[in-house]
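K.L.:
Below is the structure I would like to discuss, written out as structure tokens.
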Number of protein chains: 2
Amino acid sequence: MPSPDPARRNENARRAVLDATLDLLQEVPYPRITIEGIASRAGVGKQTIYRWWASKAAVLFDAFLLLSARDGSDTPQLPDTGDLQADLTLVLRATVVELNDPRLSDPMRALATELAQDESLAEAYHRQLDAPLREAKRQRLREAQEAGQLADDLDLDVAIDIIWGPILNRWLQRSGPLSDEYVDALLRTALRGMRP
Amino acid sequence: MPSPDPARRNENARRAVLDATLDLLQEVPYPRITIEGIASRAGVGKQTIYRWWASKAAVLFDAFLLLSARDGSDTPQLPDTGDLQADLTLVLRATVVELNDPRLSDPMRALATELAQDESLAEAYHRQLDAPLREAKRQRLREAQEAGQLADDLDLDVAIDIIWGPILNRWLQRSGPLSDEYVDALLRTALRGMRP
């Protein structure tokens, strides 16, 4: 029975659309997902989707926001055992596992390519999804800096790019395999340039 | 008057399609370029394009190959004054100028997003277009290594990723501005980790 409350009914339809998108991302390559396909899976009319979202990319983005809120990853934190290299090894090896897993990698790749093409979507992504994660990375590096493990004059944003950028670029451009050995070699060289 | 030689006629049509693609990339955002639009600009039938190329991405890729052959950039070389940091500063600052110029950046972004989505296209790209460039980077770093300016045990492919990956990732994901200052800070920290 449809809810008698229009606001509730809208929220239910919105959720159904986002859940349908997340489901489809597990089954169909992103380029083959259509607004029609999402509407059909969600049991809503195509017009309902067009009323709320400007594009398939906008639906994808909100689906990621929902996923991130469910994960509780809106307040992410990096491990801090006091050993920066060990902590980053753990984090980056886990990232590599995710990037090598098509179930996670395909939707992330879809979002990454939409960001590359759409400046306002990229701006929303960095503000809403990436900023908390980047702040967590900055915080972990700041602690290492305060503990004298990183150079005082190190630009932490440049450091983040040097640690994460090569892996993300290699993944997105498919320019080489991502392995534990790669993570270790990368961190060894990257961190050596950041020490006092 | 059409050429009486069918092979010549085919080659002319092929060139016309690739030139039309390069022209359109200067005028229209890549997502809005269609096979129909390319055919119309090239003065060929849509079926001619579908006979030779599997997708718009495949046409784009061949257009880049043509561009690269014209540039003579199939045998690229990095400057070598003996001062690695100065040479890389020059190269990366020039790259940043290109990446900040929509006339160059938009087509490169189009290709990059197609590579992210299409594994076999990415494989062809890395073999035909990126490999000579990567070898030129490796060669420049190898010379620095042999001159004792880089550590003997440095993995040159990891080094290439650390030097170029952050810039490419920042550009493609639009995660921050690309400036000369960014290049300088990046190189300062990256190279410090690579010295003997």
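The values are calculated or read from the model by the stated rules, or taken from the named source; none is laboratory data. Quick caveat: nothing in here was measured; it's all calculated off a predicted structure. Here the Cβ positions follow ideal geometry from the backbone for every residue, glycine too, while neighbour counts run over all protein chains shown.
K.L.:
Let me spell it out: the conditions are (1) facing another protein chain (nearest Cβ under 8 Å); (2) surrounded by 16 or more Cβ atoms within 10 Å (Cβ to Cβ), and A:Glu123 meets all of them except one. Which number is the exception?
P.N.:
The one condition A:Glu123 does not meet is (2).
K.L.:
Scan segment B:157-166 and give yes if some residue there is under 21 Å from the mean Cα position of the chain (by Cα), outside any helix (DSSP H, G or I) and within 7 Å of chain A (Cβ to nearest Cβ), otherwise no.
P.N.:
Checked segment B:157-166: no residue is under 21 Å from the mean Cα position of the chain (by Cα), outside any helix (DSSP H, G or I) and within 7 Å of chain A (Cβ to nearest Cβ).
K.L.:
Going through B:Arg109, B:Arg103, B:Arg134, B:Arg70 one at a time, which residue ends up being closer than 28 Å to A:Thr189 by Cβ and among the basic types (Lys, Arg)?
P.N.:
B:Arg134 is the lone residue from the list that is closer than 28 Å to A:Thr189 by Cβ and among the basic types (Lys, Arg).
K.L.:
I'd like to know if segment A:146-159 contains one or more residues that are touching a residue at least 60 places away in the same chain (Cβ under 8 Å) and either surrounded by fewer than 18 Cβ atoms within 10 Å (Cβ to Cβ) or of a type in the set (Gly, Ala, Ser) (or both).
P.N.:
So far as segment A:146-159 goes, yes, one or more of its residues are touching a residue at least 60 places away in the same chain (Cβ under 8 Å) and either surrounded by fewer than 18 Cβ atoms within 10 Å (Cβ to Cβ) or of a type in the set (Gly, Ala, Ser) (or both).
K.L.:
Let me ask you something else. Among the residues of segment B:180-196, write down those that are basic (Lys, Arg) and either outside any loop (DSSP other than H, G, I, E, B) or under 21 Å from the mean Cα position of the chain (by Cα) (or both).
P.N.:
If the condition is that a residue be basic (Lys, Arg) and either outside any loop (DSSP other than H, G, I, E, B) or under 21 Å from the mean Cα position of the chain (by Cα) (or both), then B:Arg188, B:Arg192 are the ones that fit.
K.L.:
Any residue at all in segment A:167-179 that's touching a residue at least 60 places away in the same chain (Cβ under 8 Å), charged (D, E, K, R), outside any helix (DSSP H, G or I) and within 11 Å of another protein chain (Cβ to nearest Cβ)?
P.N.:
Checked segment A:167-179: no residue is touching a residue at least 60 places away in the same chain (Cβ under 8 Å), charged (D, E, K, R), outside any helix (DSSP H, G or I) and within 11 Å of another protein chain (Cβ to nearest Cβ).
K.L.:
Can you name the residue in segment B:91-112 that is among the β-branched types (Val, Ile, Thr) and either touching a residue at least 40 places away in the same chain (Cβ under 8 Å) or within 14 Å of B:Ser55 (Cα to Cα) (or both) and, of all such residues, is surrounded by the most Cβ atoms within 10 Å (Cβ to Cβ)?
P.N.:
For segment B:91-112, the residue satisfying everything is B:Val96.
K.L.:
A further question follows. Taking A:Leu65, is it surrounded by fewer than 19 Cβ atoms within 10 Å (Cβ to Cβ), in contact (Cβ under 8 Å) with a residue 40 or more places away in the chain and either more than 13 Å from every other protein chain (Cβ to nearest Cβ) or more than 25 Å from A:Leu187 (Cα to Cα) (or both)? Can you show your working first?
P.N.:
On the way: surrounded by fewer than 19 Cβ atoms within 10 Å (Cβ to Cβ): yes; in contact (Cβ under 8 Å) with a residue 40 or more places away in the chain: yes; either more than 13 Å from every other protein chain (Cβ to nearest Cβ) or more than 25 Å from A:Leu187 (Cα to Cα) (or both): yes.
When the stated conditions are applied, A:Leu65 passes them.
K.L.:
Now for a separate question. Which helices (runs of 4 or more DSSP H) sit wholly inside segment A:1-77 and have at least 1 residues that are acidic (Asp, Glu) and at pLDDT 85 or above?
P.N.:
Because the criterion is at least 1 residues that are acidic (Asp, Glu) and at pLDDT 85 or above, the helices (runs of 4 or more DSSP H) in segment A:1-77 that meet it are A:6-25, A:35-42, A:56-71.
K.L.:
Out of (1) surrounded by 12 or more Cβ atoms within 10 Å (Cβ to Cβ); (2) closer than 27 Å to B:Pro177 by Cα; (3) among the polar types (S, T, N, Q); (4) under 20 Å from the mean Cα position of the chain (by Cα), the odd one out for B:Gln26 is which?
P.N.:
Among (1) surrounded by 12 or more Cβ atoms within 10 Å (Cβ to Cβ); (2) closer than 27 Å to B:Pro177 by Cα; (3) among the polar types (S, T, N, Q); (4) under 20 Å from the mean Cα position of the chain (by Cα), B:Gln26 violates only (1).
Table: residues versus (1) assigned to a loop (DSSP other than H, G, I, E, B); (2) within 14 Å of chain B (Cβ to nearest Cβ); (3) over 14 Å from the mean Cα position of the chain (by Cα).
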{"residue": "A:Asp87", "(1), (2), (3)": "no, no, yes"}
{"residue": "A:Gln128", "(1), (2), (3)": "no, yes, no"}
{"residue": "A:Leu133", "(1), (2), (3)": "no, yes, no"}
{"residue": "A:Gln145", "(1), (2), (3)": "no, yes, yes"}
{"residue": "A:Asp152", "(1), (2), (3)": "yes, yes, yes"}
